[in-house]
Amino acid sequence: MSTIGERIKTVRKAADMSQQEFSQAICVSQPFLSMVENGKERPSKITIRLISILFQIDESWLITGSS
């Protein structure tokens, strides 16, 4: 099963965005996004909600990996 960081990376890649572009869109720093994608940090609930709204992704899928 994938991690939340891996799912966020999947969303970013599907949007064809660099880490810099994606991090600006979701109001976090690029280094923080990199740590999230690599499993070293967890995104806040607000960041998860923002990703789900901006990229029309199921929030529960982002959190748990299942919809």
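The values are calculated or read from the model by the stated rules, or taken from the named source; none is laboratory data. Just so you know, these numbers come straight off a predicted model, no measurement behind them. Neighbour counts run over all protein chains shown; Cβ positions are idealised from the backbone, glycine included. Surface accessibility is based on the protein's heavy atoms, side chains included, excluding ligands, DNA and RNA. Shrake-Rupley method; radii C 1.70, N 1.55, O 1.52, S 1.80 Å.
Counting only C-alpha contacts under 8 Å and six or more residues apart, can you give the relative contact order of the chain as a whole percent?
38
How far apart, in nm, are two points set 7 Å out from the Cα along the Cα-to-Cβ line at Cys27 and at Lys13?
2.8
Please work out the C-alpha center-to-center distance from segment 46-61 to segment 1-29 and express it in whole Å.
Taking the Cα centre of each part, segment 46-61 and segment 1-29 sit 11 Å apart.
Quick check: at a probe of 1.4 Å, how many percent of the accessible area of the chain sits on carbon and sulfur atoms?
C and S atoms contribute 53 percent here.
Quick one: length gained pulling Met1 to Ser44 fully straight, 0.36 nm per residue minus the C-alpha distance?
This chain segment gains 13.4 nm when fully extended.
Of (1) 1.61; (2) 1.06; (3) 0.96, which is the value of Cα Rg over 2.2 N^0.38 Å derived from the coordinates here?
Among (1) 1.61; (2) 1.06; (3) 0.96, the one calculated here is (3).
What does the net charge come to around Met1 if you take all other residues with beta carbon closer than 15 Å to its beta carbon, with K and R at +1 and D and E at -1?
Net of charged neighbours comes to +1.
In segment 1-19, whose amide N lies under 20 Å from the spot 7 Å out along Cα-to-Cβ of Ser34? List them in ranges.
In segment 1-19, the label zone of Ser34 (backbone N under 20 Å from the point 7 Å along Cα→Cβ) covers 4-14, 16-19.
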